[in-house]
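Here the structure is laid out as structure tokens; the discussion comes afterwards.
The values are calculated or read from the model by the stated rules, or taken from the named source; none is laboratory data. A quick note: this is a predicted structure, and the numbers were derived from the prediction, not measured. Don't worry about glycine lacking a Cβ; one is built from the backbone with ideal geometry, like all the others, and counts go over all protein chains shown.
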Amino acid sequence: MIDSKDRLLLDRASLFASVSLESVEHLFERCYPLTLERGEHLLEAGAANNNLYLILDGELRVYLSDRSLPPHAVLGAGDCVGEMSLLDGQMASALVLAAKDTRLLAVPRDVLWSLVDCSHGVARNLLAILSGRMRDTSQALVAAQSQSLEFEQASSVDALTGIHNRRWALEAFPRAIARCNHDHDPLCMVVADIDLFKNFNERFGHLAGDAVLRRMARRLADGLRPNDLIARYGGEEFLILLPHTTVDEALPIAERLRELVAIGSGQQAGQGVTLSCGVAQMFRGETLEELLVRLEAALRRAKEDGRDRVEIAG
């Protein structure tokens, strides 16, 4: 039997909101009390469940996966748990344990259906509880997706310069190359490298060098067309992909980028910063790796021939 104290607790339970307990009290005779000690499991993922549990007092925590992660839900007096697996007849999908000593009332499946048949109010409240669970789960999924997208974005952006990084380039450039090949369109690539950057760092310090890299990245990105792609490929080297572009069109673009840097970048403590570039048009059937080899060779020639210049790959 349910004592007067527990009856008052049930009267405040979400399942019986706006429901007269007198109209359903006879069904409680088939329910039974249950006490859990702190840390004791009520439900486990993959285990069968035949009851809805009403929390009289205490606290339950719901974990969808590893207990080292925050709980999916924290339930207290007046809440219920176990309704999902009870109604759909499936195994429990979460771990539910007592965060403190907890008293519950176990409502068997057949009693729950009798309550629904006996009271429209209980049926409405059960639907409200289920919709709340689904809303909470949807919000958790949205939050998880947002975190995943933030992580994905963070992993593809260079933290210092704010432009894309080498990892992103090695994933995005082949897709752009494949589209140009499919459409039989030309494609060029530019590799740009700051001249004597190691010397600059040694003379003015790494903080000044970082400032130069940030300004360089911004100037290069601002000097490109909307469909062009740029990434910091490593250290002081930037890789630029120019789709739908021949080498005759790419050369003045690279020269303009070099001039932008020479005119306005790095005039710090009397030290000008210049840029050397290699330019190459992709051959039909050429791989990205093969194109990069030709680009690096052109960049070396630009360095060897005096720096602050653009060389076209053979």
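Could you please let me know if LEU60 is closer than 16 Å to VAL107 by Cα and either loosely packed, with under 13 Cβ neighbours inside 10 Å or in the same structural domain as ALA123 (by TED's automatic domain parsing) (or both)?
For LEU60, the condition - closer than 16 Å to VAL107 by Cα and either loosely packed, with under 13 Cβ neighbours inside 10 Å or in the same structural domain as ALA123 (by TED's automatic domain parsing) (or both) - is not met.
Looking only at the range 111-133, residues that are over 13 Å from VAL81 (Cα atoms) and either of a type in the set (A, V, I, L, M, F, W, C) or touching a residue at least 24 places away in the same chain (Cβ under 8 Å) (or both) come to 13 in all.
Residues in the range 186-218 that are under 25 Å from MET282 (Cα atoms) and assigned to a helix (DSSP H, G or I): ALA217 alone. Summed over the range 79-110, the residues that are part of a strand (DSSP E or B), free of Cβ contacts under 8 Å to residues at least 60 places away in the same chain and small (Gly, Ala, Ser) give a count of 0. Based on what the data block shows, is ALA99 farther than 22 Å from VAL24 by Cβ, assigned by TED's automatic domain parsing to the domain that holds LEU36, in contact with a Pro (Cβ under 9 Å, 6 or more places away or on another chain) and of a type in the set (Gly, Ala, Ser)? So ALA99 fits the description; yes.
Identify all residues within the range 265-297 that are modelled with pLDDT of 85 or more, part of a loop (DSSP other than H, G, I, E, B) and either within 22 Å of ARG214 (Cα to Cα) or of a type in the set (D, E, K, R) (or both); write none if there are none. Those that are modelled with pLDDT of 85 or more, part of a loop (DSSP other than H, G, I, E, B) and either within 22 Å of ARG214 (Cα to Cα) or of a type in the set (D, E, K, R) (or both): VAL273, THR274, ARG284, GLU286.
Is there a residue in the range 253-264 that is modelled with pLDDT of 90 or more and in a loop (DSSP other than H, G, I, E, B)? Within the range 253-264 (the criterion being modelled with pLDDT of 90 or more and in a loop (DSSP other than H, G, I, E, B)), the answer is no, since none of the residues qualifies.
Being surrounded by fewer than 19 Cβ atoms within 10 Å (Cβ to Cβ), free of Cβ contacts under 8 Å to residues at least 60 places away in the same chain, closer than 24 Å to ALA208 by Cα and of a type in the set (D, E, K, R) is a condition met by no residue of the range 298-306.
Can you tell which of ALA208, ALA231 is under 29 Å from the mean Cα position of the chain (by Cα) and surrounded by 13 or more Cβ atoms within 10 Å (Cβ to Cβ)?
Numbers: ALA208 fails: under 29 Å from the mean Cα position of the chain (by Cα).
That would be ALA231, the only listed residue that is under 29 Å from the mean Cα position of the chain (by Cα) and surrounded by 13 or more Cβ atoms within 10 Å (Cβ to Cβ).
The single condition among (1) under 17 Å from HIS244 (Cα atoms); (2) not in a helix (DSSP H, G or I) that ALA176 does not satisfy is (2).
The set of residues in the range 169-220 being acidic (Asp, Glu), more than 24 Å from ARG307 (Cα to Cα) and in contact with a strand residue (DSSP E or B) (Cβ under 8 Å, 6 or more places away or on another chain) consists of ASP185 alone.
Does the range 68-78 contain any residue that is of a type in the set (Ser, Thr, Tyr), within 25 Å of ALA123 (Cα to Cα) and either at pLDDT below 90 or not in a strand (DSSP E or B) (or both)? Outline the logic, then answer.
Of the residues in the range 68-78, the ones of a type in the set (Ser, Thr, Tyr) are 68.
Filter again for within 25 Å of ALA123 (Cα to Cα), leaving none.
No: zero hits.
In a residue-by-residue description of the range 216-226, the property of being in the same structural domain as LYS303 (by TED's automatic domain parsing), buried (at least 21 other Cβ atoms within 10 Å of the Cβ), closer than 16 Å to ILE163 by Cα and not hydroxyl-bearing (Ser, Thr, Tyr) applies to at least one position.
If you check ASN165, ASN201, which single one turns out to be buried (at least 16 other Cβ atoms within 10 Å of the Cβ), under 21 Å from LYS303 (Cα atoms) and polar (S, T, N, Q)? Let's see the steps before the verdict.
Numbers: ASN165 fails: under 21 Å from LYS303 (Cα atoms).
Criteria check complete, one pass: ASN201.
Looking across the range 224-243, the residues that are more than 20 Å from LEU292 (Cβ to Cβ) and in contact with a strand residue (DSSP E or B) (Cβ under 9 Å, 6 or more places away or on another chain) come down to ARG225, ASN227.
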